[in-house]
Amino acid sequence: MAKIELKNLTKRFGDKFAVKNQNLIVNQGEFLILLGPSGCGKTTTLNCIAGLEIPTSGDIYFNNADVTNDPPHSRNVAMVFQSALLYPHLNCKQNILMSLKKTKLSDSQKEERINESASILNIKDLMNKKPHQLSGGERQRVATAKAIVRQPDVFLLDEPMAALDAALRQTLRSELVNLQKKLNTTTIFVTHDQVEAMTMGDRIAVMNNGKVEQIGTPIEIYNNPKTKFVAGFVGSPPMNFLNGKIITEENINKFQINKTNHIINLESQNLQKQFSNLNNIETIAIRPQHVSITDENNYDLDLEIFGIENLGKELIIICEYNNDKIRIITENTKFKINDKIKIKIDKSKILYF
Ligand code: ATP
């Protein structure tokens, strides 16, 4: 297993920066998630680490050795892609064996490695089948076995579950985490699915516009997003944002919402201690589960229900406000579209940007 370090990694295609001054450290044995919207540079970062793309500038280190210009085969990296790359004319065992072709292992050692990988991935019964005889999930398991059989120092997975159905993704999520913990191989897993990110990684690196905007454990990223982008990207349903400015009246901080001039009393929030200049705050953000529907008079906003998503156990109430959506999670199922509601925000959970 290797420690991976990217220093000012930049990859340009013509005028377009796919990755821009990317700095990132992935610790030995870590399971790191690269999370971000389509086109933010996740695959390009992974391809540079694998040696499939040569960076325009910057350096890549494995265990402090510069591998920036090393060819892929000398890096001992294994990769799994969205569509399992298997030879259609070979059966599963032969496909896995292909990964060991260039090694100096004896036939019996190869046999042992294949058996071990097949048993870890629970595909022993599939060894004589050809790829077209397998389901999508089975093909991905075989592709994963093909990757791990080489005992790579680095394991790179590029949206390996994107083409699979929801139930299978859920099963494979825990299998992959379990596998990674067993092998302890440094792993980078690319996804734009934040449920995968939250549930699988030791840490998440959230990418935007070609670089990592924040890196941290899933819970750090969820509870303390450092930017509005990270706050909006991580969490489902997404965070609610209200734009406006802080005003202070008689030592009480309030938030005046743009356009409507509606004022929310921020109550006992001692913002002066947290922020050097309250004028820099343009947005307050609150997660849907920290907004409640109330009958009391000290509510924060009155809204009309625009849409309802019934998740069985709870409802996501969607209201339109100021050309934006405000989402509220409630277990009370009595609400209907067009109902008028009053909402209360848990002020202690507000984030300021
Ligand atoms: P997705 O989740 O859709 O796969 P991504 O975050 O992995 O996206 P990349 O595939 O790394 O993003 O692409 C980053 C940017 O670089 C995109 O704007 C893409 O169009 C561009 N790009 C990637 N590869 C090439 C290429 N070979 N030639 C030109 N532009 C490219």
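³J(HN,Hα) across the range 146-156 via Karplus (A = 6.51, B = -1.76, C = 1.60, θ = phi - 60°), whole Hz, x for Gly/Pro?
4, 6, 7, 4, 7, 6, x, 7, 9, 10, 10
So what are the ³J(HN,Hα) numbers for the range 204-211, from phi and the Karplus equation (6.51, -1.76, 1.60; θ = phi - 60°), rounded to whole Hz, Gly and Pro as x?
Once rounded to whole Hz, the list reads 10, 10, 8, 9, 8, 6, x, 8.
Kindly provide log₁₀ I(q)/I(0) values, in the same order as q = 0.23, 0.26, 0.29, 0.31 Å⁻¹, from the Debye equation applied to equal alpha-carbon scatterers of the range 258-308.
-1.25, -1.40, -1.45, -1.45
Please list, in chain and number order, the residues 5+ apart from F81 or on another chain whose amide H is under 5 Å from its amide H, with Hs placed from the backbone.
D158
If contacts are Cα pairs under 8 angstrom and at least 6 residues apart, what is the relative contact order of the chain in percent?
So the answer I get is 16 percent.
Could you put L121, L301 in order, starting from the residue whose Cβ has the fewest other Cβ atoms within 10 Å?
Starting with the residue having the fewest Cβ neighbours, the order is L301, L121.
Filter K93/K124; K3/K104; K3/K110; K42/K181 down to the pairs with a C-alpha to C-alpha distance above 18 Å, please.
Flagged as over cut-off: K3/K104; K3/K110; K42/K181.
Which values of log₁₀ I(q)/I(0), to two decimal places, follow from the Debye formula for the chain at q = 0.08, 0.10, 0.14 Å⁻¹ with a uniform point scatterer at every Cα?
-0.52, -0.74, -1.11
Which GluC sites (Glu not before Pro) does the range 254-353 hold that lie in a coil by DSSP with at most 11 other beta carbons within 10 Å?
Hits after loop and neighbour filter: E296, E331.
At most 13 other Cβ atoms within 10 Å plus a DSSP loop assignment makes a site exposed; report the longest stretch of the chain without any exposed trypsin sites (Lys or Arg not before Pro).
Here the longest run is 105-258.
Can you check what the net charge comes to around N224, using other residues whose Cβ is under 15 Å from the Cβ of N224 (Lys, Arg +1; Asp, Glu -1)?
Its environment carries a net charge of +3.
Rule-based calculations on the coordinates, nothing more; no lab input. Treat the numbers as computed from the prediction; the structure is a model and nothing was measured. We place every Cβ from the backbone using ideal geometry, glycine too, and count neighbours over all the protein chains shown.
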